[in-house]
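Working notes, beginning with the structure itself.
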Amino acid sequence: MTKLMLLLVLISFPALAQFAGTVEFTPDEISQHHVDVETIVPAAVACLKRDLKTHKDFHKRYGISAFYGDQSAFARMTLDQRKAELKRLRVPTRLVTQLQPTSCVGLARKCLAEGFAKAGDTQIWKKVDAFLLANDLDGTALQEALRKLGWKTLYWNPDLSQNSVWDEEEKIKDPTNIKRFWGYHAYRLITIQRKGMYYFNKVDDATSMVNFNRTVPLDFKAVPLFIGTAHTGFHVFPGYNGTVIEGHSVRHITSATMIETSEFNPLKPGGGPQGLPYRSGLFSVPPGYSY
């Protein structure tokens, strides 16, 4: 890219701003978290696996999920309307009280909260969660808070050479970006290279998880818990040992993939994260597990 082209790209986007508010932790809280992460990680993973199993078992038995997308039509219904919908689907209306909301960021938030609580770090989690809420549940805000606790932030992109191609494809699908799923792939790489920043996030490692195409680094599969984001926080996908478990906020309650699992491998057919084609983003990995 020539200097002129680079200048034009940079002018085309607003200057880097900041997250809403701040989140800070004391040295004691950070030290405690580094110890407690050994409790937090397995508890959070157990939560992810449990919700996946609950969804699958419930769907197999009743033809609906035990969860509903928190941005779905079902979420906007009154209790009586929900009962009527279950009746229409020939599902016992008594189940209405068992159904729970979910979303991509909601699943990550729920399971991290369980992990922190298991370790007795509820007060630390409250700081993380308050920052997340102040930033409208943006997954990259969650990653920034975790970084302040000692988690490492990694940039992921399976093929840097395709950034401009992907950008054009996404603009064709949604010219005004009204759905907000543009990845800004070329621009994000520029800010990482020039400033070490992706959006408002400092990137600790911009090389370990790039250009892997369909062969995900084995080291990544050794990470026992990760929080991933795609396309500047548009999608959030937690997981473990290379396996993604993600919730979806807008799918119908009858969806067999309300909560689903896949191998992290964005360019491989059937690989995760699922939904739209997601091509780049960030990973957060716990202290002691980065590489």
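The values are calculated or read from the model by the stated rules, or taken from the named source; none is laboratory data. Here the structure is a predicted model, which means the values were calculated and not measured. Backbone-built Cβ (ideal geometry, glycine too); neighbour counts: all protein chains shown. Ligands, DNA and RNA are stripped out before the accessible areas are found, and what is left, the full protein with its side chains, is counted by its heavy atoms. Shrake-Rupley method; radii C 1.70, N 1.55, O 1.52, S 1.80 Å.
Label segment 175-291 by shape, choosing from rounded, prolate and oblate, from the square roots a ≥ b ≥ c of the eigenvalues of the Cα gyration tensor; if a/c is under 1.5 it is rounded, and otherwise prolate applies when a/b is larger than b/c, oblate when it is not.
Because a/c hits 1.5 or more and a/b fails to exceed b/c, segment 175-291 counts as oblate.
Rolling a 1.4 Å sphere over the protein heavy atoms, what is the accessible area per residue of the chain, to the nearest Å²?
48 Å²
When DSSP beta bridges are limited to those with both residues in the chain, what percentage is antiparallel, rounded to the nearest 5?
Antiparallel: roughly 75 percent of the beta bridges in the chain.
Taking a ≥ b ≥ c as the square roots of the eigenvalues of the Cα gyration tensor of segment 21-119, is the shape rounded (a/c under 1.5), prolate (a/b larger than b/c) or oblate? Mind dumping the intermediate values first?
Values: a/c = 4.13, a/b = 2.22, b/c = 1.86.
Verdict is prolate for segment 21-119.
Could you work out what % of the accessible surface of segment 74-146 is carbon and sulfur, using a 1.4 angstrom probe and leaving DNA, RNA and ligands out of the count?
51 percent
With a Förster radius of 51 Å, plug the Cβ-Cβ distance of Lys171 and Leu95 into 1/(1 + (r/R0)^6) and report the FRET value to the nearest 0.05. Numbers along the way, then the final one.
Numbers: r = 43 Å, r/R0 = 0.84.
The pair Lys171/Leu95 has a calculated efficiency of 0.75.
Would you give the gap between the C-alpha center of segment 26-44 and the C-alpha center of segment 45-65, rounded to a whole Å?
Taking the Cα centre of each part, segment 26-44 and segment 45-65 sit 28 Å apart.
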